[in-house]
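**Q** Dropping the structure in here first, questions after.
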Amino acid sequence: TDGEDYNVFEDQERDDEARNPFRCVLDVGLARTSTGARIFSVMKGACDGGLDIPHSTSRLAGYDSETKSFSAETLRNYLFGGNVAEYMRSLQEESEEKYKRQFSRYIAAGIGADDIEKLYESTHSAIRQNPAAQKKTPSVPKGEKPKRYNQQRLSYAQRKDKIRQKLASAAKKKSQ
């Protein structure tokens with residue numbers, strides 16, 4: 001995760017009997033594919049993680065189309081949240097109120113603009129130490145139903161009863 005272009009298939013010394021890395025093809029679907037888009041950072045992470053994805057550095061952040069050169073340092077800056085830290089600093093200088101509203105969780109956790117790179121580095125090292133996905137505990141205890149945010153659909157009999165009640169209510173108001 002230093003921003004350098006890494007291809008697991010080409011950059012590793014391998015013998016003829018070793019298994020090939022899993023080959024993938026990046027399918028972006030309808031996502032915009034402008035240079036530096038997040039989808040290419042995801043692809044870079046997958047390549048660094050050991051997947052063989054054919055790609056070029058021309059779409060990664062840090063590629064300059066005018067000089068046709070790639071800056072690994074710029075990509076590393078983006079991968080480790082340098083752009084977020086820069087935004088935090090500029091927002092803190094411009095408007096303290098906006099800064100507190102935008103980064104309230106960072107402030108509550110005691111994370112400043114200078115701590116973001118360390119946070120990303122510690123996250124990367126924790127993933128390298130134990131890459132197995134950890135099972136999350138369910139937010140709703142077993143046996144309970146999760147909260148519904150939309151109304152439950154009424155059955156045919158319930159809808160007919162609702163109409164019957166409305167008609168009875170309207171007839172009662174009319175008779176008074």
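**Q** Search region 108-128 for residues being of a type outside the set (D, E, K, R) and within 11 Å of F80 (Cα to Cα), and hand back the single one that is surrounded by the most Cβ atoms within 10 Å (Cβ to Cβ).
**A** Of everything passing the filter in region 108-128, I116 is surrounded by the most Cβ atoms within 10 Å (Cβ to Cβ).
**Q** Which one of these is more than 22 Å from the chain's Cα centre (by Cα) and small (G, A, S): S155, S125?
**A** After ruling out the rest, the residue left standing is S155.
**Q** Identify, from the list E117, E144, E97, the residue that is within 21 Å of the chain's Cα centre (by Cα) and of a type outside the set (F, W, Y). Spell out how you get there, then give the answer.
**A** Numbers: E144 fails: within 21 Å of the chain's Cα centre (by Cα); E97 fails: within 21 Å of the chain's Cα centre (by Cα).
The match here is E117.
**Q** Select from region 84-103 the residues that are in a helix (DSSP H, G or I) and open to solvent by less than 60 Å² (accessible area, probe 1.4 Å) and write down the one among them that is farthest from A37 (Cα to Cα). Spell out the reasoning first.
**A** Filtering region 84-103 for residues in a helix (DSSP H, G or I) gives 84-94, 96-102.
Cutting the leftovers down to open to solvent by less than 60 Å² (accessible area, probe 1.4 Å) gives us 84-85, 88, 90-91, 99.
On the way: V84: 15, A85: 18, M88: 20, S90: 22, L91: 23, Y99: 25 Å.
Restricting to residues being in a helix (DSSP H, G or I) and open to solvent by less than 60 Å² (accessible area, probe 1.4 Å), the top hit is Y99.
**Q** Another question, if that's okay. Going through region 28-64 one residue at a time, which ones are open to solvent by less than 60 Å² (accessible area, probe 1.4 Å), closer than 16 Å to T74 by Cα and β-branched (V, I, T)?
**A** Correct list: T57 only.
**Q** I'm checking my understanding of the structure. Among residues of region 5-18 that are closer than 25 Å to E121 by Cα and out of contact with any strand residue (DSSP E or B) (no Cβ under 9 Å at 6 or more places or on another chain), which one is modelled with the highest pLDDT?
**A** In this case the residue turns out to be Y6.
**Q** Can you tell me which residue within region 19-59, out of those that are farther than 26 Å from S125 by Cβ and touching a Pro at 6+ places or on another chain (Cβ under 9 Å), is modelled with the lowest pLDDT? Write out each step before concluding.
**A** Here is the first cut: in region 19-59, the ones farther than 26 Å from S125 by Cβ are 19-20, 23, 25-35, 37, 54, 56, 58-59.
So of that shortlist, the ones also touching a Pro at 6+ places or on another chain (Cβ under 9 Å) come out as 23, 25-26.
Numbers: R23: 83, V25: 89, L26: 89.
By that ranking, first place goes to R23.
**Q** Would you be able to tell me the number of residues in region 129-155 that are surrounded by 10 or more Cβ atoms within 10 Å (Cβ to Cβ) and either of a type in the set (S, T, N, Q) or in a helix (DSSP H, G or I) (or both)?
**A** 0
The values are calculated or read from the model by the stated rules, or taken from the named source; none is laboratory data. On a predicted model such as this, the values are computed, not experimentally measured, just so you know. Cβ: placed from backbone, ideal geometry, glycine included. Neighbour counts: every protein chain shown. The area values use the complete protein model at the heavy-atom level, side chains included, leaving out ligands, DNA and RNA. Shrake-Rupley method; radii C 1.70, N 1.55, O 1.52, S 1.80 Å.
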